[in-house]
Amino acid sequence: MTSKAITILGSSGSIGVSTLDVLARHPDRFHVFALTANSNVERLYEQCVRFQPRYAVMADSASAEVLAKRLLAAGSSTAVLAGTEALETVASSPETDYVMAAIVGAAGLLPTLAAARAGKRVMLANKEALVMSGQLFIDAVREHGAELLPIDSEHNAVYQCLPVSFTSPPVTSTPFTERSRSERGGSERHGGVEKILLTASGGPFRNWPAADLQGVTPEQAVAHPNWSMGQKISVDSATLMNKGLEVIEACWLFGLSADRVEVVVHPQSTIHSMVSYNDGSVLAQLGNPDMRTPIAYALGWPERLVSGVAQLDMFATARLDFERPDTGRFPCLQLAYEAHELGGFATIALNAANEEAVKAFLGREIGFTDIPRLVADVMRQADRGTPMNLEEILVQDQESRSRSLSWIKNKKKH
Ligand code: NAD
Ligand code: MG
């Protein structure tokens, strides 16, 4: 067995750290080719000393200089590169086999797309990249023979519960209807799949009365009850925008229309998602809430690997509860469905506005309940239809960010 070379985009983050934890358990199967971070020199330095990658990339060039000096002084042979183009270089290098896409937000789009275009195994945590680029990304995966494996725990769970004929090879996105017609000659769904049930914890404010949400602080919003994650996704989980982005992600990954992706609030986060079949069966994937399970699954696929996650104790779990999401208190989920219905430009605007809104909320410039207001306003100003190329995607992203910043400025004046 030849050792696979791994690039981790965003190795200093929560998913990046969990990925290295799994890799360290399998030194004979994997080696690290490149690690990347935005500006966290300390974390990347420690990771380079331990995993000795060929390259370390820092998006921020001042940070790259500091890292290079420190690594040189430590006698490390890791070469340090700076800037966003270098992220694409290491993601698409012929010397890397697998790419973990774990940068947060739109900043991950170009390197993740570069990995797909270079035909890599793309392990996708960076859902924003897929929400922004949709069909363009899926086409790149298909055209270049890349393997797309979902890391998001829900999509990884769905992937595990889908029929083998559906997920192998792991370029999952052929719309059910298309496949049904060509492969089954009738209206029956491919593999009998009726619906995907995406589970949601409901976040830290699941039981809060609507009136109290106005006063939510950043500290309260980032304290997720079940998962330990980066700040942005923690806020997204609190507003339910994370689930909204995941609905769009599921539509692209599994070739589904949004009416066949249903969100089920499940506060224990033990079931990571489910697939509902035409014979009445529902298959679920369960486990402790620890991202090392989906990471190990994607690294090992089609085999399973030890991940370091403890076996689920069913007796300690005891209960599994389910509720409908409350889109009155948490409108972001509905906004995501609406954006997907409107088309690609609207989903880009939704994502960009949300990123700017979360940043402003964390910076105490706007309140928690302003997040869905800002997103709704900016999303509804987006062009109709779907972008045809990367440039159109990036232009819509920039325009939506400027509109968001004006919205925030305006809000602060009043
Ligand atoms: P994080 O904030 O902990 O880490 C983000 C990483 O991206 C860091 O390494 C950071 O240096 C890098 N980064 C940030 N901005 C950058 C920029 N402009 N240029 C280059 N690099 C940049 O985030 P996370 O929780 O690890 O999440 C990463 C992605 O995975 C997100 O898209 C998130 O939605 C997704 N995800 C995370 C989890 C989780 O449990 N943390 C679960 C499912 C999906
Ligand atoms: Mg998730």
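The values are calculated or read from the model by the stated rules, or taken from the named source; none is laboratory data. This is a predicted model, so every value here is computed, not measured. Here the Cβ positions follow ideal geometry from the backbone for every residue, glycine too, while neighbour counts run over all protein chains shown. Side chains are part of the model used for accessible areas, which takes the heavy atoms of the whole protein and leaves out ligands, DNA and RNA. Shrake-Rupley method; radii C 1.70, N 1.55, O 1.52, S 1.80 Å.
One line per residue, one yes/no per condition, for (1) within 23 Å of ALA146 (Cα to Cα); (2) crowded, with 18+ Cβ neighbours inside 10 Å; (3) touching a residue at least 40 places away in the same chain (Cβ under 8 Å); (4) touching a Ser or Thr at 6+ places or on another chain (Cβ under 9 Å):
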position: LEU44; (1), (2), (3), (4): no, yes, no, yes
position: ARG54; (1), (2), (3), (4): yes, yes, yes, yes
position: MET58; (1), (2), (3), (4): no, yes, no, yes
position: SER61; (1), (2), (3), (4): no, no, no, no
position: LEU71; (1), (2), (3), (4): no, yes, no, yes
position: GLU88; (1), (2), (3), (4): yes, yes, no, no
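Does at least one position in region 358-376 carry a residue that is more than 19 Å from ALA106 (Cβ to Cβ), in a helix (DSSP H, G or I), open to solvent by 30 Å² or more (accessible area, probe 1.4 Å) and out of contact with any Gly (no Cβ under 8 Å at 6 or more places or on another chain)? So far as region 358-376 goes, yes, one or more of its residues are more than 19 Å from ALA106 (Cβ to Cβ), in a helix (DSSP H, G or I), open to solvent by 30 Å² or more (accessible area, probe 1.4 Å) and out of contact with any Gly (no Cβ under 8 Å at 6 or more places or on another chain).
Pairing each residue of region 242-263 that is closer than 19 Å to LEU136 by Cβ and aliphatic (A, V, I, L, M) with any residue that is within 13 Å of ligand 1 (Cβ to nearest atom) and not in a helix (DSSP H, G or I), provided the two are 6+ apart or on different chains, yields C-beta distances under 6 Å for LEU253/PRO150. Within region 389-407, identify whether any single residue is over 20 Å from SER234 (Cα atoms), modelled with pLDDT of 95 or more, touching a helix residue (DSSP H, G or I) at 6+ places or on another chain (Cβ under 9 Å) and among the basic types (Lys, Arg), and answer yes or no. Checked against the condition, which is being over 20 Å from SER234 (Cα atoms), modelled with pLDDT of 95 or more, touching a helix residue (DSSP H, G or I) at 6+ places or on another chain (Cβ under 9 Å) and among the basic types (Lys, Arg), region 389-407 yields at least one hit. Scanning region 77-84 turns up no residue that is within 26 Å of GLU355 (Cα to Cα), touching a residue at least 40 places away in the same chain (Cβ under 8 Å), within 14 Å of ligand 1 (Cβ to nearest atom) and open to solvent by less than 60 Å² (accessible area, probe 1.4 Å). Do we have ASP28 as assigned to a helix (DSSP H, G or I), out of contact with any Asp or Glu (no Cβ under 9 Å at 6 or more places or on another chain), within 25 Å of VAL309 (Cβ to Cβ) and modelled with pLDDT of 95 or more here? Taking the combined requirement at face value, the residue does not satisfy it. Just so you know, in region 124-163 the residues that are of a type in the set (A, V, I, L, M) and part of a loop (DSSP other than H, G, I, E, B) include one that is farthest from ligand 2 (Cβ to nearest atom), and it is ALA146.
Residues that are under 21 Å from the mean Cα position of the chain (by Cα), within 13 Å of ligand 1 (Cβ to nearest atom) and not hydrophobic (A, V, I, L, M, F, W, C) occur in region 205-224; there is at least one.
Does ALA102 satisfy the criteria of being within 16 Å of ligand 2 (Cβ to nearest atom), closer than 29 Å to HIS190 by Cα and open to solvent by 10 Å² or more (accessible area, probe 1.4 Å)? When the stated conditions are applied, ALA102 does not pass them.
Looking across region 237-270, just one residue is on the phi > 0 side of the Ramachandran plot, surrounded by fewer than 24 Cβ atoms within 10 Å (Cβ to Cβ) and within 13 Å of ligand 2 (Cβ to nearest atom), and that is SER269. Here MET314 passes the criteria (1) closer than 21 Å to PRO150 by Cβ; (2) without any contact (Cβ under 8 Å) to a residue 24 or more places away in the chain except the one numbered (1).
Restricting to region 290-329, name every residue that is open to solvent by less than 40 Å² (accessible area, probe 1.4 Å) and more than 20 Å from the chain's Cα centre (by Cα). Of everything in region 290-329, those that are open to solvent by less than 40 Å² (accessible area, probe 1.4 Å) and more than 20 Å from the chain's Cα centre (by Cα) turn out to be LEU305, GLY308, VAL309, THR317, PRO325.
Residues that are in a loop (DSSP other than H, G, I, E, B), touching a strand residue (DSSP E or B) at 6+ places or on another chain (Cβ under 9 Å) and more than 10 Å from ligand 1 (Cβ to nearest atom) within region 93-123 comprise SER93, GLU95, THR96, ASP97, ALA118, GLY119, LYS120, listed in sequence order. The set of residues from region 18-42 being open to solvent by 50 Å² or more (accessible area, probe 1.4 Å) and in contact (Cβ under 8 Å) with a residue 24 or more places away in the chain comprises ASP21, ARG25, ASP28, HIS31, ASN38, SER39, ASN40. For SER307, the conditions (1) hydroxyl-bearing (Ser, Thr, Tyr); (2) within 13 Å of ligand 2 (Cβ to nearest atom); (3) within 24 Å of PHE166 (Cβ to Cβ) are fulfilled apart from (2). The sole residue among THR7, THR2 that is free of Cβ contacts under 8 Å to residues at least 12 places away in the same chain and farther than 23 Å from GLN231 by Cβ is THR2.
One residue is enough: does region 112-123 have a residue meeting the conditions in contact with a helix residue (DSSP H, G or I) (Cβ under 9 Å, 6 or more places away or on another chain), among the polar types (S, T, N, Q) and more than 16 Å from ligand 2 (Cβ to nearest atom)? Yes, region 112-123 contains at least one residue that is in contact with a helix residue (DSSP H, G or I) (Cβ under 9 Å, 6 or more places away or on another chain), among the polar types (S, T, N, Q) and more than 16 Å from ligand 2 (Cβ to nearest atom). Residue under question is GLY108, and the condition is that it be modelled with pLDDT of 95 or more and under 13 Å from ILE8 (Cα atoms); does it hold? When the stated conditions are applied, GLY108 passes them.
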